[in-house]
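Just below is one structure, and these are the notes that go with it.
FYI, it's all coordinate maths here, none of it is from the lab. All of these numbers come straight from a predicted model, not from anything done at the bench. Cβ placement follows ideal geometry from the backbone for every residue including glycine, while neighbour counts extend to all protein chains displayed.
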């Protein structure tokens, strides 16, 4: 047919008559293949267990939970991570003998990842609260543990096992966390107690090593130092007075020695005068300086001059001078004793003042050490008190978790046997197959019509040869032609029915081969077998 000039509505009937068989056969084949594919896919059954999050039994105002709560996303994330842990999934795979065929060519990690893809954790949100949740966050108290498998019973058992394991592990995990918290606080209390004891010992050591230099002794030391400085001034004045008196009496004693008594030839001054007269007499007699008498007299004069200068007698015996000289000597000795006593008192007070000053100067250093130790001690004491309070709370929280009075997870709805498969979506596959079949049939019919260059009516013939058609003779149907056409239609119908039956049987056989009997037929068959066995037992 020439399609360059377009297809008229009157041509559609002829195209349908000529290409209907091809289009129908193509559509039938595509739909049949889709049916076989849909029937050959294994059924996937979904089962889930609903877990309820129960709040703690004891009021939170009285006892706070030992395990902190978190928001929904974080909690679901943690729950999913715990449920999908490698150890838990590996144990379930071994327990239920899952993926035995896949284990022949897949690694263990790949099998675990395959199972992870079929496990999910979904929050349960009531329909009435969904709009509320869109506006703001709300607390979720229910979630589902979903598992998919090709066996509906396995799907139920695995979902229930996951829920039970999660609840058991959740209880043990909360007990473990609360116990670890209690142990940590007890360890910190022991460490703080040891450190407090060490700081107290350090404070005692600093105080013992620095007696008198402690901050509390500073005021007393300053008062003592003030008193000592006053006493030192008095002692210094007494010492200066004694020195002045000593100098005075020594001067008086020298004067008394020089003056002596009239006619007293025994006094050093008198004897000095006599010796000087004798020396003058020897010099008048023209004695030289090397004369023995001159040398002796000069020696005696020097000695007597020294005696007169020092105010003592030549032979150093008491009572040998004049009475005034003896009195002066007694006063000198008395004043010397007083001077020595005053000097000793000044030295003693000065030593005490120096010692007190050293204590006062050492007080800031000792105070700095004690302040640092006291700050640490106060910090440790407050920390110890805080941890003591926390220890009481942790003890109560640990008891709360051990007695399972805290937040608990409980199976609200046990996993069930799925009444029907959740996948594959066979109606959708068939609908897509029908759509593809129709499109494929029409496309193939259009292609066949476009490839056909023959003329099927007068208009197409005239357009092709550009010659007018004078007359069109309709097709004359003989009886033999009608019989042949009838037989052809019968063969076509039978072939179509056979092909459809082939696809139907093939799809059904594949479905039964892959998925077995439907769930309802299995129940009926099982009931018949049980009833038959019971009748045989009764007859026996």
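Can you order the peptides 349-361, 91-103 by their average number of other Cβ atoms within 10 Å per residue, highest first?
Descending packing order for the listed peptides: 349-361, 91-103.
Using a Förster distance of 41 Å, how high is the FRET efficiency between residue 442 and residue 487, based on the Cβ-Cβ distance and rounded to 0.05?
0.90
Return the whole-Å distance between the Cα centroid of the range 25-51 and the Cα centroid of the range 158-205.
55 Å
Which order results if 297, 439, 411 are arranged by neighbouring Cβ count within 10 Å, fewest first?
439, 411, 297
Cut-off is 10 Å between beta-carbons; in what order do 48, 377 appear when sorted fewest neighbours first?
377, 48
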